[in-house]
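Written out below as structure tokens is the structure these notes cover.
The values are calculated or read from the model by the stated rules, or taken from the named source; none is laboratory data. Predicted model only: the values in this text are computed from it and were never measured. Using ideal geometry, Cβ is built from the backbone for each residue, glycine included, and neighbour counts are taken over all protein chains shown.
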Amino acid sequence: MMSNKDKLVIIGNGKIAKTLFHYLEQKFEVVCFAVEDSYCLGEVIEGGMADCSVEKALHLFPETRFLTCVGYGAMNKDRKRLYEKVCKETTFIPTNYICERAYALAFTMSGFNNLILDNVTIHPGASLGSNNIIWSQSVISHGASLGNNNWITAGSLISGDCKLGNNNFIGAGAVIAHNITIGSSCYVGANVLIDRDLDDNEVVVAGKSRSLPYDANRFMSVSG
């Protein structure tokens, strides 16, 4: 049976590509996982498809839409490099993905290769550049702006009128307070509250998990 979905090449074959496949196949007909030769495993990734080289994928599926589905290695620079390389050296067509279960209302997306997953809320007046990943249940509030190559992980809150530069990683459950500016290539750990501006290359993390000197069952019965 012929599919009426647009065909899509996924650039990547790792955990992120495998996860995103299950989102992307709802909107696109995923035709292959394409990677650079040195990363080609020749193994089935998802959906019964093995990965292949970008060159082979280009031969089989010229002028097909693509999304770069790789992680945040080297502060998102790997994804940036791949995205720019594929744009420059192939006839694949960059696109964006917004999950049908996201709430994205009258915001501006000026670029491509943005992936916005389920239960993400993006308020009116917010803006995105290119090559950003906004993971599940995150909120991008009114007037907030994101540059390029940022990774906003699950449950993060970017408050109103915040400005993020490029190549930033925002950990799960982090909160960026109102009207904060974050430079580029910053690492914000999980569950951190950012209430001041960050310069480029800053790292902010919360304290590590520690055990209290209580039996958990007894603690819950007392505290409840």
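General observations
- From the list Asp215, Asp197, the lone residue that is of a type in the set (Asp, Glu) and at pLDDT 95 or above is Asp197.
- Residues being within 19 Å of Leu115 (Cα to Cα) and not hydrophobic (A, V, I, L, M, F, W, C) - total across the range 1-55: 16
- Subset of the range 100-115 that is of a type in the set (A, V, I, L, M, F, W, C) and closer than 19 Å to Val9 by Cβ - its residue that is surrounded by the most Cβ atoms within 10 Å (Cβ to Cβ): Leu115
- Ser221 vs. criteria outside any strand (DSSP E or B), under 29 Å from Glu84 (Cβ atoms) and among the hydroxyl-bearing types (Ser, Thr, Tyr): no
- Of the helices (runs of 4 or more DSSP H) lying entirely inside the range 4-113, the ones with 1 or more residues being out of contact with any strand residue (DSSP E or B) (no Cβ under 9 Å at 6 or more places or on another chain) and in contact (Cβ under 8 Å) with a residue 24 or more places away in the chain are found at 15-24, 73-89.
- For the range 155-173, the set of residues classified as surrounded by fewer than 22 Cβ atoms within 10 Å (Cβ to Cβ) and touching a strand residue (DSSP E or B) at 6+ places or on another chain (Cβ under 7 Å) consists of Leu157, Ser159, Lys163, Gly165, Phe169, Gly171, listed by residue number.
- Looking across Val35, Val86, one residue alone is surrounded by 16 or more Cβ atoms within 10 Å (Cβ to Cβ) and touching an Asp or Glu at 6+ places or on another chain (Cβ under 7 Å). It is Val35.
- Criterion (surrounded by fewer than 19 Cβ atoms within 10 Å (Cβ to Cβ), modelled with pLDDT of 95 or more and farther than 25 Å from Leu164 by Cβ) met by exactly one of Leu41, Leu8, Leu60: Leu60
- Condition check for Ile152: without any contact (Cβ under 8 Å) to a residue 40 or more places away in the chain, out of contact with any Leu (no Cβ under 6 Å at 6 or more places or on another chain) and surrounded by 22 or more Cβ atoms within 10 Å (Cβ to Cβ): yes
- Pair list, Cβ under 8 Å, 6 or more apart: the range 207-221 residue within 27 Å of Gly171 (Cβ to Cβ) and among the aromatic types (Phe, Trp, Tyr), other residue modelled with pLDDT of 70 or more and surrounded by 10 or more Cβ atoms within 10 Å (Cβ to Cβ): none
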